[in-house]
Amino acid sequence: QVQLVESGGGLVQAGGSLRLSCAASGRTASNYARGWFRQVPGKEREFVAGISWNGITILYADLVKGRFTISRDSAKNTVDLQMNSLKPEDTAVYYCAAGAAGGLTSPQYRYWGQGTQVTVSS
């Protein structure tokens, strides 16, 4: 019903910035909470940032708070993740999600994108 595609990943030096974007197609995502998660090989997918369907509630993982900013444009059905002061430990595949089945921080979202690689070198 909803297809999500991430873009904006790449290679960046520590301390640099990247802006990820997630575009939705198919059924409108206006009524869905949106989130960003990341995963490295051999590790569990972890919560990065989430925003409620109406944009009122915004949550961040402690490790990215103050460095990352999530935003959404309901009219365009897009959600962005601005990542500043990147660290090597931020290296991961970043996934966009829509439709929180649990809370915003839970990986139990209904829809997921294909992921985009973010690599931060030291």
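The values are calculated or read from the model by the stated rules, or taken from the named source; none is laboratory data. Computed from a predicted model, the values in this text were never measured in an experiment. Note that each Cβ is placed from the backbone with ideal geometry, even for glycine, and that neighbours are counted across all protein chains shown. Surface accessibility is based on the protein's heavy atoms, side chains included, excluding ligands, DNA and RNA. Shrake-Rupley method; radii C 1.70, N 1.55, O 1.52, S 1.80 Å.
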### Query
Going by the structure shown, is Ser122 in contact (Cβ under 8 Å) with a residue 24 or more places away in the chain and at positive phi?
no
### Query
If you go through segment 88-106, how many residues are closer than 19 Å to Val5 by Cα, modelled with pLDDT under 95 and open to solvent by 30 Å² or more (accessible area, probe 1.4 Å)?
1
### Task
Of the numbered conditions (1) small (Gly, Ala, Ser); (2) on the phi > 0 side of the Ramachandran plot; (3) free of Cβ contacts under 8 Å to residues at least 40 places away in the same chain; (4) part of a strand (DSSP E or B), Gly99 fails exactly one; give the number of that condition.
(3)
### Task
Name the residue, out of Gln82, Gln117, that is open to solvent by less than 50 Å² (accessible area, probe 1.4 Å) and touching a strand residue (DSSP E or B) at 6+ places or on another chain (Cβ under 7 Å).
Gln82
### Task
Check segment 7-24 and report whether any residue there is open to solvent by 60 Å² or more (accessible area, probe 1.4 Å) and at pLDDT below 95.
no
### Message
Quick check on segment 10-27. Is at least one of its residues closer than 14 Å to Gly115 by Cα and part of a loop (DSSP other than H, G, I, E, B)?
### Response
no
### Message
With the structure loaded, tell me whether Ser85 is among the polar types (S, T, N, Q), more than 10 Å from the chain's Cα centre (by Cα), outside any strand (DSSP E or B) and modelled with pLDDT of 95 or more or whether it fails that test.
### Response
yes
### Task
Answer yes or no: is there a residue in segment 107-114 that is open to solvent by less than 20 Å² (accessible area, probe 1.4 Å), within 19 Å of Gln1 (Cβ to Cβ) and not in a strand (DSSP E or B).
yes
